[in-house]
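A.B. asks: Pasting a structure here, questions to come.
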Amino acid sequence: MGLTMKEKQSLTRETCGRYRKSEKKGKTKILDEFCLATGYNRKYALHLLANWDKTEVLKVAGKMVKLKCPLLNYFLPTIKLINKTRVGSKVRKVYDKPMSPYQRLLLSADIPDTVKAELTRRYQRYNPVTLQQDVHQAVEALAELNRQKTLIRQQPLAAAALEDF
């Protein structure tokens with residue numbers, strides 16, 4: 001039979017760093033072995049090995065954005081500029097009281113009641129503390145991916161330094 005999807009992903013994760021560090025001949029050999037093990041088309045395998053960490057970063061960043069939007073739109077208040085007048089060389093600004101975009105939409109007369117009811121239903125589904133914790137976890141995951149990428153880059157330097165001894 002073949003490898004499962006999880007095994008293929010694990011093999012890709014392990015191979016991509018080695019592939020990127022290799023010279024052209026080494027890359028050819030690694031790509032041949034990888035295609036043989038996974039059954040992937042050579043062009044697809046090349047794309048996977050060259051861009052693996054980029055796709056991981058995009059997945060985590062997408063998750064973070066997906067979590068951050070409800071947090072910003074439903075729970076974080078912002079101030080809105082209402083009026084700006086110039087008095088001599090000074091500018092006097094008048095702001096509305098702090099409200100979240102969700103609260104502003106509920107107060108708007110231009111929004112139909114059905115839309116307001118849907119927004120309220122969505123609002124009740126979210127927990128701001130859980131959303132904030134999930135955003136922090138996504139940021140930590142991005143930082144961890146960055147640390148792994150930095151370690152992969154530094155490993156050849158450490159190996160070269162050990163060979164000098």
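A.B. asks: Does residue 125 fit the bill of being in contact with a helix residue (DSSP H, G or I) (Cβ under 9 Å, 6 or more places away or on another chain), loosely packed, with under 10 Cβ neighbours inside 10 Å and not aliphatic (A, V, I, L, M)?
C.D. replies: Against the criterion (in contact with a helix residue (DSSP H, G or I) (Cβ under 9 Å, 6 or more places away or on another chain), loosely packed, with under 10 Cβ neighbours inside 10 Å and not aliphatic (A, V, I, L, M)), residue 125 qualifies.
A.B. asks: May I ask you to verify whether residue 57 is exposed (fewer than 13 other Cβ atoms within 10 Å of the Cβ), under 25 Å from residue 140 (Cα atoms) and modelled with pLDDT under 90?
C.D. replies: Taking the combined requirement at face value, the residue does not satisfy it.
A.B. asks: Of all residues in the range 38-65, which are in contact with a Gly (Cβ under 9 Å, 6 or more places away or on another chain) and in a helix (DSSP H, G or I)?
C.D. replies: Scanning the range 38-65 gives 38, 52, 53.
A.B. asks: Test residue 82 against the stated conditions and say whether it is farther than 30 Å from residue 19 by Cβ, touching a helix residue (DSSP H, G or I) at 6+ places or on another chain (Cβ under 6 Å) and not acidic (Asp, Glu).
C.D. replies: It is false that residue 82 is farther than 30 Å from residue 19 by Cβ, touching a helix residue (DSSP H, G or I) at 6+ places or on another chain (Cβ under 6 Å) and not acidic (Asp, Glu).
A.B. asks: A follow-up question, please. Might you check whether a residue that is of a type in the set (Lys, Arg) and over 28 Å from the mean Cα position of the chain (by Cα) occurs anywhere in the range 61-73?
C.D. replies: Within the range 61-73 (the criterion being of a type in the set (Lys, Arg) and over 28 Å from the mean Cα position of the chain (by Cα)), the answer is no, since none of the residues qualifies.
A.B. asks: If only one of 105, 119, 145 is touching an Asp or Glu at 6+ places or on another chain (Cβ under 8 Å) and assigned to a helix (DSSP H, G or I), which one is it?
C.D. replies: Answer to the check: 145.
A.B. asks: Then there is this: With respect to residue 31, is the statement that it is touching a residue at least 12 places away in the same chain (Cβ under 8 Å) and aliphatic (A, V, I, L, M) true?
C.D. replies: It is true that residue 31 is touching a residue at least 12 places away in the same chain (Cβ under 8 Å) and aliphatic (A, V, I, L, M).
A.B. asks: Please go through the range 1-28 and give me each residue that is outside any helix (DSSP H, G or I) and among the aliphatic types (A, V, I, L, M), ordered by number.
C.D. replies: 1, 3
A.B. asks: Please give the number of the condition residue 96 fails out of (1) in contact with a Lys or Arg (Cβ under 7 Å, 6 or more places away or on another chain); (2) under 30 Å from residue 125 (Cβ atoms); (3) modelled with pLDDT under 90.
C.D. replies: (3)
A.B. asks: Which residues, taken from the range 83-107, are under 23 Å from residue 71 (Cα atoms), surrounded by 10 or more Cβ atoms within 10 Å (Cβ to Cβ) and of a type outside the set (A, V, I, L, M, F, W, C)?
C.D. replies: Scanning the range 83-107 gives 95, 96, 98, 100, 101, 102, 103, 104.
A.B. asks: Follow-up question, since we're still on this one. Any chance you could count how many residues in the range 1-34 are touching a helix residue (DSSP H, G or I) at 6+ places or on another chain (Cβ under 9 Å) and either surrounded by 17 or more Cβ atoms within 10 Å (Cβ to Cβ) or hydrophobic (A, V, I, L, M, F, W, C) (or both)?
C.D. replies: So the count comes out to 12.
A.B. asks: Let me ask something else. Return the total of residues in the range 66-99 being part of a loop (DSSP other than H, G, I, E, B), in contact with a Pro (Cβ under 8 Å, 6 or more places away or on another chain) and within 23 Å of residue 139 (Cα to Cα).
C.D. replies: Total meeting the criteria: 1.
The values are calculated or read from the model by the stated rules, or taken from the named source; none is laboratory data. Note that this is a predicted model, so its numbers are computed, not measured. Methodologically, a virtual Cβ is constructed for each residue, glycine included, from the backbone with ideal geometry; neighbour enumeration extends over all protein chains shown.
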